[in-house]
Amino acid sequence: LDITAALEKQYQGNLSAALAKAGGSDPASRFKAQREAELATARQMTERAQDFYVSLGMPKLPESYWANTQFIKPLDRNVVCHASAWDMNMGGDGKDIGPDVRTKMCITPTEENFTTIYHELGHIYYDLAYNPLPPLFQGGANDGFHEAIGDTIVLAMTPKYLNSIGLVGAQQESREATINAQMRMAMSGVSFLPFGLMIDRWRWGVFDGSIKPDQYNQKWWELKAQYQGVAPATARGEEFFDAGAKYHVPGNTPYLRYFLARILQYQFYKGLCDASGYTGPLNECSFYGNKEAGQKFWAMLSKGASQPWQATLKELTGEEKLDAGPMLEYFAPLQEWLKQQNEGQMCGWTAQAPAASAPATQATAAK
């Protein structure tokens, strides 16, 4: 599915309109038109993401969001383009001032940016839902909840949904197309799980002192070998700090939230599909426009951190525990295909202790 091509076409349409409006072809006029087209496209992409949430019965984003949000990279200052969402004032609870929620991105017309907007608005709608609660309870039920909200919506961005909003043509359904789509998702979503866990395994070791400063890089690669089965191509001694290349490490952002979110999003997704009355294969479900699912979702979001996360999870899914069952159900077609492809082979790896002069860790893959 080539969403990027459709978004680029939308940008080119906005650029043509901006150029015609500018009435000049000099570099300054063209640059101004490009900026105008970039902003228009970024706002249209955000409006499309908003439409999904509104279709569930949730409110439109406040006017202050559109006035204060950073949609594209500004020209007058350096910014961190890493996408993020912000509740600036925790306004609500009967206060005269309304909520000031914003996202910060440097949006370009690509599929990755498009789905990222849906994810970031998940944070914003969570902020809006629990906004009336006292400040102490204005937060996610746990860190994983906050990250899973938007990702749950992304799961519902099925080919049929994308076709309904004009981003892709009608898709021919086939087993091959399903496997292809699921493999693409699994390569980013499922394979993320060991990575998501090892990041905080390393951070926790640093914090509790079990990983000493003179072992930072060695332990990083040992954990990568243990959980991911990967090793550096060349020797990486303690003069390097490879963990620092991951944004969240120097930014001191706890990472287990993303691991939890990868599992929770499938639990949320299944709960919302059930609430919408859907009965087909889980991977084909989209609850776009379903008010019953939206009402149940909003009720969960509105609880914020006002009760134990287990109770909040049970209200939406019927379960009190983290459960990877819905993820396995979602990827059942791919799992069945992989069993056939890997029949007779042993899959996995063994982590070997590094030699003194060798790379920090070796991981040997076994077919």
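Which of (1) surrounded by 15 or more Cβ atoms within 10 Å (Cβ to Cβ); (2) without any contact (Cβ under 8 Å) to a residue 12 or more places away in the chain is the odd one out, the single condition residue 46 does not satisfy?
Exception for residue 46: condition (2).
Looking at residue 127, is it closer than 27 Å to residue 81 by Cβ, surrounded by 22 or more Cβ atoms within 10 Å (Cβ to Cβ) and among the acidic types (Asp, Glu)?
Yes, satisfied.
Residues are listed down the side, and each one gets a yes or a no for (1) in contact with a helix residue (DSSP H, G or I) (Cβ under 9 Å, 6 or more places away or on another chain); (2) modelled with pLDDT under 95; (3) over 21 Å from residue 164 (Cα atoms):
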| position | (1), (2), (3) |
| --- | --- |
| 22 | yes, yes, yes |
| 53 | yes, no, no |
| 56 | yes, no, no |
| 60 | yes, no, no |
| 64 | no, yes, yes |
| 76 | no, yes, yes |
| 89 | no, yes, yes |
| 104 | yes, no, yes |
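Tally the residues that are part of a helix (DSSP H, G or I) and under 22 Å from the mean Cα position of the chain (by Cα), restricting the search to region 40-68.
17
Pairs please, first residue from region 53-66 and without any contact (Cβ under 8 Å) to a residue 12 or more places away in the chain, second anywhere and loosely packed, with under 14 Cβ neighbours inside 10 Å, Cβ atoms under 6 Å, 6+ apart in sequence or on different chains.
If the second residue must be loosely packed, with under 14 Cβ neighbours inside 10 Å, the pairs left are 54/60.
Output the residue which, of all residues in region 185-237 that are of a type in the set (Ser, Thr, Tyr) and in a loop (DSSP other than H, G, I, E, B), is surrounded by the fewest Cβ atoms within 10 Å (Cβ to Cβ).
234
Tell me, yes or no, whether region 154-174 has at least one residue that is surrounded by 22 or more Cβ atoms within 10 Å (Cβ to Cβ), β-branched (Val, Ile, Thr) and either in contact (Cβ under 8 Å) with a residue 24 or more places away in the chain or outside the structural domain of residue 34 (by TED's automatic domain parsing) (or both).
no
For region 257-294, give me each residue that is buried (at least 23 other Cβ atoms within 10 Å of the Cβ), under 19 Å from residue 197 (Cα atoms) and among the aromatic types (Phe, Trp, Tyr).
266
Do the conditions hold for residue 182, that is, is it surrounded by 14 or more Cβ atoms within 10 Å (Cβ to Cβ), polar (S, T, N, Q) and under 29 Å from residue 290 (Cβ atoms)?
Answer is yes for this residue.
Under 8 Å between Cβ atoms, at least 6 apart or on separate chains: pull out the pairs that start in region 189-217 with a residue that is assigned by TED's automatic domain parsing to the domain that holds residue 154 and end on any residue that is in a helix (DSSP H, G or I) and of a type in the set (S, T, N, Q).
The qualifying pairs are 194/228; 195/228; 198/226; 198/228.
Which condition number does residue 63 fail, the rest of (1) more than 28 Å from residue 317 (Cα to Cα); (2) of a type outside the set (Phe, Trp, Tyr); (3) touching a Phe, Trp or Tyr at 6+ places or on another chain (Cβ under 8 Å) being met?
Of the numbered conditions (1) more than 28 Å from residue 317 (Cα to Cα); (2) of a type outside the set (Phe, Trp, Tyr); (3) touching a Phe, Trp or Tyr at 6+ places or on another chain (Cβ under 8 Å), the odd one out for residue 63 is (3).
With the condition kept exactly as written, say whether any residue in region 90-101 is of a type in the set (A, V, I, L, M, F, W, C), at positive phi and surrounded by 15 or more Cβ atoms within 10 Å (Cβ to Cβ). Steps first, please.
The initial filter retains those residues of region 90-101 that are of a type in the set (A, V, I, L, M, F, W, C), namely 90, 97, 101.
This time we only want the ones that are at positive phi, so: 90.
Okay, now just the ones that are also surrounded by 15 or more Cβ atoms within 10 Å (Cβ to Cβ), so 90.
Yes: region 90-101 contains one or more residues that are of a type in the set (A, V, I, L, M, F, W, C), at positive phi and surrounded by 15 or more Cβ atoms within 10 Å (Cβ to Cβ).
Suppose the filter is out of contact with any strand residue (DSSP E or B) (no Cβ under 7 Å at 6 or more places or on another chain) and within 30 Å of residue 138 (Cα to Cα); does residue 30 pass it?
It is false that residue 30 is out of contact with any strand residue (DSSP E or B) (no Cβ under 7 Å at 6 or more places or on another chain) and within 30 Å of residue 138 (Cα to Cα).
Among the listed residues 15, 56, 39, 61, identify the single one that is over 30 Å from residue 296 (Cβ atoms) and either crowded, with 17+ Cβ neighbours inside 10 Å or not assigned by TED's automatic domain parsing to the domain that holds residue 111 (or both).
Answer to the selection: 15.
In the list 250, 254, which residue meets the criterion of being within 16 Å of the chain's Cα centre (by Cα) and surrounded by fewer than 15 Cβ atoms within 10 Å (Cβ to Cβ)? Break it down into steps so the answer makes sense when it comes.
Working: 250 fails: within 16 Å of the chain's Cα centre (by Cα).
One residue alone meets the criteria, 254.
The values are calculated or read from the model by the stated rules, or taken from the named source; none is laboratory data. A quick note: this is a predicted structure, and the numbers were derived from the prediction, not measured. No Cβ is skipped: glycine too gets one built from the backbone with ideal geometry, and neighbour counts run over all protein chains shown.
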